[in-house]
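Notes for the one structure printed next.
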Amino acid sequence: MLYNRLFACGLLLVCTVPLRGQASARVAAFTVDAGAYDRWDTPVCSEMALDSTGAYSLVETTGDAPRPVAVQYADSRLCWRLSGETPAGQQRTFQLISEATGPSPEAVTAESAGGRVVFRIGEREVLTYQDAAVAVPEGVDPIFSRGGFIHPLRTLNGATLSRIQPPDHYHHYGVWGPWTHTRYRDREIDFWNLVRGQGTVDARGVSAVGDGAVYGDLTAARTYLIFQDSAVTENPTEVLDETVDLRVYATDPGAPGYLVDFTSVQRNITEFPLTVEAYRYQGFSIRATPEWNDDNVELITSAGYGKADGNGTRARWVKVSGPTEAGQAGLLMMTHPDNFNAPEQIRIWPVGANEGKENVFVNFNPAQDRDYVLQPGRAYERNYRLYVYDGQLDTVAANRLWQDFAYPPVVKRTDRAGALEGKRVLVYTRNGEGYVHENIPASVDALQQLGRDHGFSVTATEDPGVFTPDGLADFDVLVFSNTNNKIFDTPEQREVFRAYIEGGKSFVAIHSACGSERDWPWFAKTLGARFYRHPPRQDFDVVVVDEDHPSTDFLPPTWHIRDDECYYMTHLNPQNHVLLATDLTTVEDERASEYPGATFGDLFPAAWYNTAHGGRQWYTSLGHRSEHYRDPLFLRHILGGIEWAATKSK
């Protein structure tokens, strides 16, 4: 889950204001780099190991006067908020000290009782997760009853922005998001329109409810149920298990709003695919307060569309605001760029819908223009963020909030060397006669930037003359970035490369490197395979096979790859440890029956490592387009491969 990868769940430690008169010592130091974007009140996190029974405080040391900062530690992650504004390119520094702490006046509490969890920031009730099914209004068919939704969603000033069971749509439930148009074993199933009696989403309880100085959170379980028919709801078929992680962030006193993170992971628990068929509305949604109508609400998307013309367009965020009983208030809904089919299309009720009254409905729909197939046994993750605010929010601020969510600041620990600190990396890009990838300059730029960010030096060359004992002696890792065909001029250069690997040094290979030295069996064995062919460039899914490797441990269970080449290879080394595998059911390939056929079932290895030749070898088949080398997930994938290769390099 995205924010569980970035910000740990659960609570072991809350620290805010250091208490006087107690001895303290520095435990760690951090630098937070805003990067390319202006930042605004964004959560950040750093992985580290601490004694959970100890007492700690975080102090910002950016300026002349140290300032205490609320901090929270859980699950080996230290989290805090980068409060206020941080301009692009600016760095802020922090120190963690061992010192007793006092309470935070604006901490987030989560109280679980009566089938619901109520979140408060300080004394203000802001959000309720309703797990237990709620009764329907008198005279309404009980089939409309359900739980597992957010309501009420309130601003800090107490304005209620959500609504449940409106008479025009009794199946609308605050912030919720079932699938509408699905197909399972040739049967159409609607989990949204409950009156059809085809299925529902059953809330299965809440766990891991936590409080904290930085956030409060919960984990909830849901199950998608298919009824035998519209008249028989007994003994339903369970098809999807869903885990929802909800996080509510603290905010500074006097701030106009607060953040909420929502992560859904759905796993198909049957033996058959569940296809979410393209349809105009389904997925993450809100039915807003009845106070909002055509004549008093403002709705604008990241692409500049409004309520009259935004329906069916794509958006990174949607901002909706209007008058409430507590004054002007609004909601910014954000979708993550790693979600399926992002930026997702939106369903909004346009001007005139519902006779222009009580008609604010906003839906991020990943399956509006295409099917979304949930394969048996696979897990699929989607991430959203809300900013709930009083007053006004301009589009500049909305963009900053989305950038914080999509591309968070980089946190570096500065009191000790990182895993790659001081390492020397040689990036080799030689191509022989034949196809040469246009992505090479972008890949070199990206690797050099990774080096600057993580303390290792990068030397890039396409000259095979570097392959001499002296030429390679000082390098810890070789990276073959999109090399192809003949990349050595002499047998001696081959042997120097071989001696380097067999001498315990490490080798990282990216994308078309698997097409290098195709007549040299040792090279294919060392890299792990040899390129055979690829179907036309397209979107496809990659499944995380090993989630505990530094090149994969941050990825969603199913990684949606955009506009890349799915490589098929031969001569696969049985000693490869597979990290990622392409889901072949998501690949369109007219020649699939020729190869790979059924050789690998529904999965084909896409990234792996092996250690069979003296050093460490890591390979990824992804990364065809130049744009991929600006994708934070893909770059972190490569960085993890280099880090793993370099850490144990002799």
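At a glance:
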| read-out | value |
| --- | --- |
| The chain shape via C-alpha gyration tensor axes, a/c threshold 1.5 | oblate |
| Net dipole in debye of the chain [+1 Lys, Arg Cβ; -1 Asp, Glu Cβ; about Cα centre; nearest 20] | 940 |
| Interchain or long-range residues, amide H under 5 Å from Ala329's placed H | Gly322, Thr324, Gly391 |
| Net charge over other residues, Cβ less than 11 angstrom from the Cβ of Arg287 (K, R count +1; D, E count -1) | -1 |
| For the range 424-646, average projected area of the Cα convex hull in nm² | 11.0 |
| Evaluated at q = 0.19, 0.27 Å⁻¹: base-10 log I(q)/I(0), Debye formula over Cα of the range 473-536 | -0.72, -1.40 |
| Theoretical gain in end-to-end length, Arg116 to Glu594 [0.36 nm per residue, Cα-Cα removed] | 166.6 nm |
| Sequence-distant residues sharing a close amide H with Val27 (under 5 Å, placed H) | Leu96, Ile97, Ser98 |
| Nearest-20 debye value, the range 424-646 charge dipole, Cβ charges on Lys, Arg, Asp, Glu | 420 |
| Rounded if a/c under 1.5, otherwise prolate or oblate - the range 256-396, Cα gyration tensor axes | prolate |
| Lys/Arg +1, Asp/Glu -1 at C-beta; the chain dipole; positive extreme among Tyr389, Phe227, Tyr73 | Tyr73 |
| Residue-by-residue Karplus 3J(HN,Hα) for the range 422-439, coefficients 6.51, -1.76, 1.60, Hz, glycine and proline x | x, 6, 10, 10, 9, 9, 10, 10, 4, 10, x, 5, x, 5, 10, 6, 6, 7 |
| Relative contact order of the chain, defined on C-alpha pairs under 8 angstrom at six or more residues apart (%) | 10 |
| Nearest-0.05 FRET efficiency for Thr585 and Glu502, computed from C-beta distance (R0 35 Å) | 0.35 |
| Highest-first arrangement of 380-387, 365-372, 163-170, 286-293, where packing means the average Cβ count within 10 Å | 380-387, 286-293, 365-372, 163-170 |
| Environment charge of Val265, counting only residues whose C-beta is closer than 10 Å and scoring Lys/Arg +1, Asp/Glu -1 | -2 |
| Residue-wise HN-Hα coupling along the range 198-207, computed from phi with Karplus coefficients 6.51, -1.76, 1.60 (Hz; x: Gly, Pro) | 8, x, 7, 10, 9, 6, 10, x, 10, 9 |
| Cβ-placed point charges (K, R +1; D, E -1), dipole of the range 26-97 about Cα centre in debye, nearest 20 | 100 |
| Residues Glu298 and Thr93, FRET efficiency given R0 of 45 Å [Cβ-Cβ distance, rounded to 0.05] | 0.70 |
| Accessible-area ranking of Thr128, Thr275, largest first, probe 1.4 Å | Thr275, Thr128 |
| Loop-resident sites, the range 553-650, for GluC sites (Glu not before Pro), counting at most 10 other Cβ within 10 Å (DSSP) | Glu590, Glu594 |
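The values are calculated or read from the model by the stated rules, or taken from the named source; none is laboratory data. Bear in mind that the values here come from a model prediction, so they are computed numbers and not experimental data. So basically every Cβ, Gly included, is an ideal-geometry build from the backbone, and we count neighbours across all protein chains shown. To get the accessible areas, we keep the full protein, side chains included, count just its heavy atoms, and leave off ligands, DNA and RNA. Shrake-Rupley method; radii C 1.70, N 1.55, O 1.52, S 1.80 Å.
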